[in-house]
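*Asks:* Take a look at this one; I'll ask things after.
The values are calculated or read from the model by the stated rules, or taken from the named source; none is laboratory data. What you see is a predicted model; the values in this text were computed from it and never measured. Backbone-built Cβ (ideal geometry, glycine too); neighbour counts: all protein chains shown.
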Amino acid sequence: MIQPQTHLNVADNSRARELMCIRVIGASNRRYAHIGDVIVAVIKEAVPNTPLERSEVITAVIISTRKELKRDNGMIIRYDDNAAVVIDQEGNPKGTQIFGAIARELRQLNFTKIVSLAPEVL
Amino acid sequence: MAVCSTTTLSIGGSVFSGQLRHWEPNESKLFQKPRSRFRWLCLNDLHLLRFRTKTLNFNPRGSLLPSLYAYGKEADDAFLSKVNEDTGEMFDDLMKKYGEVVFRKNERKSPSAELDDDTESLSFAVEMAKVASDVKAADIRVLFVKPLVYWTRFFIIATAFSRPQIDAIGSRIRDLAEKKYGKVPSGDAKPNSWTLLDFGDVVVHIFLPQQRAFYNLEEFYGNATLIELPSETQPPFHT
């Protein structure tokens, strides 16, 4: 359940470290974002001397949340932190590596690119 | 009376949570000794039994009862003496007693059926690669990634030199797949510098040259076996 003002970790090697969500993309009044939702975020912390820098506005996809993700077969997945992967306007990830396990729901939501870069798919 | 509780299991840093069910068959006639409480641990996704869950520790009453019982009277007596041992060893004993596989879902296919599916996907993949080479895509690779990932069987990676070419490759692959195999891909509809077409067990990646070098998927899937394509799809040999 990510909403504006939520701080998220960055789970790829795109040189950003921490993001703050400023908008959930979807319906106009959408309150929360879950795994697989696109958000607009501002970079709060970044690795110095890289293309991405602090207070830059970027789009990201949420790949892990502390709020559990429920599946139809009764399986529940809950991560230890909220994390996102930085993407560009075309939907391509900005980084080349993804860290951590990815839920397979991202594949159905057309983020197969992130799934194919992931080390493990749950 | 059934009690349900959710617990988080930590495996290798990332947290994976399953539904744990406690079951008390007070009315069961299998026990000759009177038991006040019997709990049987069952996880939804049974391959989790193989993991050593050292964090597994529920004894909500905090009583003298051990936290995990095995089903069956002789097992009960044997296990009462091992109350304080590690749960990992308890699982090892269970494996020895009841065998490695306690339960197998019936939906698993036999190896020969799997192989048939693989050859079918392979012929589909090779045909898509041929279509890509007809449109003059460069450096086409077909990787067999089934041993590495479970969610797909083959990757096709191709390079196109312009967006209209990516568009052309994408639409030809889509048309052929729909006409001949009846498969509709999910993925990018508009041409993209990395266009992906997801056919389920075959995933097609079409890159522009800079993106291919940037993402370097071949290195990430370096352990996958490369499938030999018919010679006309190989890049021309320059002497």
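*Asks:* Does the stretch B:168-196 hold any residues that are within 14 Å of chain A (Cβ to nearest Cβ) and surrounded by fewer than 23 Cβ atoms within 10 Å (Cβ to Cβ), and which are they?
*Replies:* B:V184, B:P185, B:S186, B:G187, B:D188, B:A189, B:K190, B:P191, B:N192, B:S193, B:W194
*Asks:* State all residues of the stretch A:70-83 that are within 14 Å of the chain's Cα centre (by Cα) and in contact (Cβ under 8 Å) with a residue 24 or more places away in the chain; if no residue qualifies, say none.
*Replies:* Scanning the stretch A:70-83 gives A:D81, A:N82, A:A83.
*Asks:* Follow-up question, since we're still on this one. Test each condition in (1) within 25 Å of B:P191 (Cβ to Cβ); (2) over 14 Å from the mean Cα position of the chain (by Cα); (3) within 12 Å of chain B (Cβ to nearest Cβ) for A:P51 and report the one that comes out false.
*Replies:* Looking at each condition in turn, A:P51 falls short on (3).
Every residue, every condition in (1) more than 8 Å from chain B (Cβ to nearest Cβ); (2) at pLDDT 95 or above; (3) crowded, with 22+ Cβ neighbours inside 10 Å; (4) over 12 Å from the mean Cα position of the chain (by Cα), yes or no:
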residue: A:V85; (1), (2), (3), (4): yes, yes, yes, no
residue: A:R104; (1), (2), (3), (4): no, no, no, yes
residue: A:N110; (1), (2), (3), (4): no, no, no, yes
residue: A:S116; (1), (2), (3), (4): no, no, yes, yes
residue: A:P119; (1), (2), (3), (4): yes, no, no, yes
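*Asks:* Output the helices (runs of 4 or more DSSP H) that fall wholly within the stretch B:140-239 and possess 3 or more residues being of a type in the set (G, A, S), or say none.
*Replies:* Fully inside the stretch B:140-239 and qualifying: B:163-176.
Residue-wise test of (1) in a strand (DSSP E or B); (2) closer than 24 Å to B:Y221 by Cβ; (3) within 13 Å of chain B (Cβ to nearest Cβ); (4) of a type in the set (D, E, K, R).
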position	(1), (2), (3), (4)
A:V42	yes, no, no, no
A:I63	yes, yes, yes, no
A:D80	no, no, yes, yes
A:G91	no, yes, yes, no
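*Asks:* Taking the stated definitions as given, is B:V204 within 12 Å of chain A (Cβ to nearest Cβ) and touching a residue at least 60 places away in the same chain (Cβ under 8 Å)?
*Replies:* Yes: the conditions hold for B:V204.
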